[in-house]
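Structure first, commentary second.
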Amino acid sequence: DMNPWKFLQLFLIPLAVLAGIYLGGWYNYIFPVICFVIRPLYSLSIGHKEEIHHEEHDIPSSPAYRYVALAFVPVLLAVTVLSFLRISNSSFNTVEFTGLVLSTGTMNGIIGFTLAHEFIHRFHMMDRIAGHLLLLQNNYMHYSIEHVGGHHVYACTTKDPHTARLNES
């Protein structure tokens, strides 16, 4: 059963990064450990039971999905700003700094870039602005022009650098 409220569990990601920001030390590795150790081990332990394939028509077009996605934008921006403030106002050892950078970068890469990709395809001005803010946060503003104006125009042609050529993986 698809429900927009299920997507709210993804707010645990910025919450894990915030825990690292405020607790410091090895707590900065909470999210990378969840993401790269606990989650893969969990997936291996349950096998293929969790794989659910949804057709586009299975997901209702409710405005709630849009609002849940838009709610992530200020949260991700705030957590990133707090990470920078913490780094600039504190003396960090290499372990803390590396953990906070990994956590913040992975959070922005997983949630931020995925949402940015979705938002730049939309027609609502607010959605497009949200997508550009997330791309700006990831220092990847050119993606909007290249992806929508390049890849989607030339998909599956020789002009598209993202389309695999014959016998390419």
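The values are calculated or read from the model by the stated rules, or taken from the named source; none is laboratory data. Note that this is a predicted model, so its numbers are computed, not measured. Glycine also receives a Cβ, built like all others from the backbone with ideal geometry; neighbour counts cover every protein chain displayed. To get the accessible areas, we keep the full protein, side chains included, count just its heavy atoms, and leave off ligands, DNA and RNA. Shrake-Rupley method; radii C 1.70, N 1.55, O 1.52, S 1.80 Å.
Observations, loosely collected:
- Residues of segment 125-151 that turn out to be in contact (Cβ under 8 Å) with a residue 12 or more places away in the chain and open to solvent by 90 Å² or more (accessible area, probe 1.4 Å), as a count: 2
- Being of a type in the set (Val, Ile, Thr), closer than 22 Å to Pro14 by Cα and at pLDDT below 90 is a condition met by no residue of segment 135-148.
- Taken as a whole, the structure leaves His53 outside the set of residues that are at pLDDT below 90, assigned to a helix (DSSP H, G or I) and open to solvent by 50 Å² or more (accessible area, probe 1.4 Å).
Matching residues to (1) open to solvent by 40 Å² or more (accessible area, probe 1.4 Å); (2) under 18 Å from the mean Cα position of the chain (by Cα); (3) farther than 19 Å from Asn138 by Cβ; (4) modelled with pLDDT under 90:
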| site | (1), (2), (3), (4) |
| --- | --- |
| Leu77 | yes, yes, no, no |
| Ile87 | yes, no, no, yes |
| Asn93 | yes, no, yes, yes |
| Phe97 | yes, no, yes, no |
| Ser103 | no, yes, no, no |
| Asn108 | no, yes, no, no |
